[in-house]
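> Got a structure here, written out as structure tokens. Questions coming.
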Amino acid sequence: PNAAAQPPRTLEDLERRVTLVLLETEGVTNRRQELLKLAAREEVAAVLLRMLERTRSEPRNDNNSTFNAAMRSKSISALGELGETRAAPLIQSVLNDRSQHGNVRTRAAKALAQIDVNRHKGDILRVFDEVPANDWLFRLELAKALVNAKDRAVIARMEAWTRGEANMKVRRMF
């Protein structure tokens, strides 16, 4: 059954429906549209923030750690897709947290870029500089997030990085 068939009755019901949408959808347009069918944008964003806050503080070595990382990642992506500026400080803390899975941090960088790339490009660049050179995939995702800043200095820096990168996939990106 469609998660949006009837309006949610409680916050817990809305959270359950948001979780189902996150698990069943991929892609910016589809997920965003499905989430906005559930409730007003502000209500959905509040639930996503609550979910992110809860999963961010849960242990990463328990039996649910993979599920929690997936939900953290999907919540972050959805908040970015909604352009939720209230989420930026929490997402920024996830980006800065080296104990977070690389995929979660990548999605955090993308979400910050979607929310306001020019405001957050310094944070993304700092993480880019901290990532080991051999983690080219993470660095590539950070670079792709930064390109939207349309900042000549940032783009020149990413181009210089790609020219020096041994991986052909990276060199073809810029």
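The values are calculated or read from the model by the stated rules, or taken from the named source; none is laboratory data. If you're wondering where the values come from, they're calculated on a predicted model, not measured in any experiment. Here the Cβ is made from the backbone with ideal geometry for all residues, glycine too, and neighbour counts use every protein chain on show. Accessible surface areas use protein heavy atoms only, side chains included; no ligands, DNA or RNA. Shrake-Rupley method; radii C 1.70, N 1.55, O 1.52, S 1.80 Å.
> Express the accessible area of the chain per residue in Å², computed with a 1.4 Å probe while the remaining protein chains stay in the model. Walk me through the numbers on the way to the answer.
Working: 9180 Å² over 174 residues.
Result: 53 Å² per residue.
> Please arrange W161, W136 by accessible surface area, largest first, computed with a 1.4 Å probe and ligands excluded. Intermediate values should be presented prior to the final figure.
Values: W161 30, W136 65 Å².
Reading off the accessible areas and sorting them downward yields W136, W161.
> Tell me whether region 51-174 comes out rounded, prolate or oblate; compute the Cα gyration tensor, take square roots of the eigenvalues as a ≥ b ≥ c, and use a/c under 1.5 as the rounded threshold.
Oblate is the answer for region 51-174, as a/c is 1.5 or above yet b/c matches or exceeds a/b.
> Please report the relative contact order for the chain, taking Cα pairs under 8 Å with a sequence separation of at least 6, and give it as a percent rounded to a whole number. Don't skip to the answer; put the middle values down first.
On the way: 187 pairs, mean separation 24.7, N = 174.
Relative contact order, the chain: 14 percent.
> Divide by every residue of the chain the summed helix terms, -39500 (n - 2.57) for each DSSP H run of at least 4, and state the resulting mean residue ellipticity at 222 nm, rounded to the nearest 500 deg cm²/dmol.
Theoretical 222 nm ellipticity from helices: -23500 deg cm²/dmol.
> When the accessible area of the chain is split by element with a 1.4 Å probe, what percent falls to carbon and sulfur?
51
> What number comes out for the charge environment of L146, summing +1 per Lys or Arg and -1 per Asp or Glu over other residues with Cβ under 9 Å away?
Combined, the nearby Lys, Arg, Asp and Glu give +2.
> Let me ask another. Tell me the angle of helix 152-164 to the major Cα principal axis of the chain, expressed in degrees between 0 and 90 and rounded to the nearest ten.
70
> Take peptides 97-109, 123-135 and line them up by average Cβ neighbours within 10 Å, highest first, as a rough protection proxy.
97-109, 123-135
> Given 0.36 nm per residue, what is the gain on full extension from L36 to S99 after removing their alpha carbon distance, in nm?
The span from L36 to S99 would gain 19.5 nm if fully extended.
> For the chain, what is the charge dipole size about the Cα centre, in debye to the nearest 20, if Lys and Arg each add +1 at the Cβ and Asp and Glu each add -1 at the Cβ?
In total the dipole reaches around 480 debye.
> I would also like to ask the following. Stretch L23-R171 to full length: gain in nm at 0.36 nm per residue minus the Cα-Cα span?
Separation in residues times 0.36 nm, less the Cα-Cα distance, equals 49.9 nm.
> Among A156, I115, G80, which residue has its Cα furthest toward the positive end of the charge dipole of the chain, with +1 on Lys/Arg Cβ and -1 on Asp/Glu Cβ?
Sorting the options by dipole projection puts first A156.
> Which of the lysines could a cross-linker span from K37 if the Cα-Cα distance has to be under 28 Å and same-chain partners fewer than 8 positions apart are dropped?
K74, K110
> Would you work out the charge dipole size for region 77-158 about its Cα centre, treating the Cβ of every Lys and Arg as +1 and the Cβ of every Asp and Glu as -1, and quote it to the nearest 20 debye?
The dipole magnitude comes to about 180 debye.
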